[in-house]
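Step one of this worksheet: look at the structure below.
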Amino acid sequence: MTIELHSAASILAELGNETRLAIVRNLVRAGGDGLMVGEIQRATGVPGSTLTHHLRRLCQVGLVSRTRRGSALWCTADTGLVHSLAHYLIEECCADEGTHGGADAA
């Protein structure tokens, strides 16, 4: 999966919030099994209505998906998207190193 600049910026904007970052980190740790909303709430200490708001925002950018299993609402991180975002950030690491003159250039 390739991420474009606009998508990366949208995802990173949502992850710029401490609560949303904590939610995603908990979900990434859980892997493909995901977590019930109540488990996320206990792990983060975020009140239910606030958690719903944050989950909705994370779903809008594709980082999290929600599914109902019986009476429980489960959330799962899109780990493929998380990996793609990390790759987007580091894929050209140091590619231009040494080409801009710097302090040692004459």
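Here are some notes:
- Taking the convex hull of Cα positions in the stretch 48-106, its mean projected area over all directions (nm²): 6.5 nm²
- Unit Cα scatterers, Debye sum, the stretch 5-90: log10 I(q)/I(0) for q = 0.26 Å⁻¹: -1.42
- From phi via Karplus (6.51, -1.76, 1.60), per-residue ³J(HN,Hα) for the stretch 88-96 in Hz, x at Gly/Pro: 4, 6, 10, 4, 10, 3, 6, 4, 9
- For ASP78, the amide hydrogen comes within under 5 Å of the amide hydrogens of VAL64, SER65, counting only partners 5 or more places away or on other chains and with H modelled in the peptide plane.
- Spin-label pair ALA43/ARG29, simplified geometry with 7 Å Cα→Cβ offset, distance in nm: 0.6 nm
Values in this text are rule-based calculations from the coordinates and carry no lab data. Just so we're clear, the structure is a prediction, and the values are computed from it rather than from any experiment. Glycine also receives a Cβ, built like all others from the backbone with ideal geometry; neighbour counts cover every protein chain displayed.
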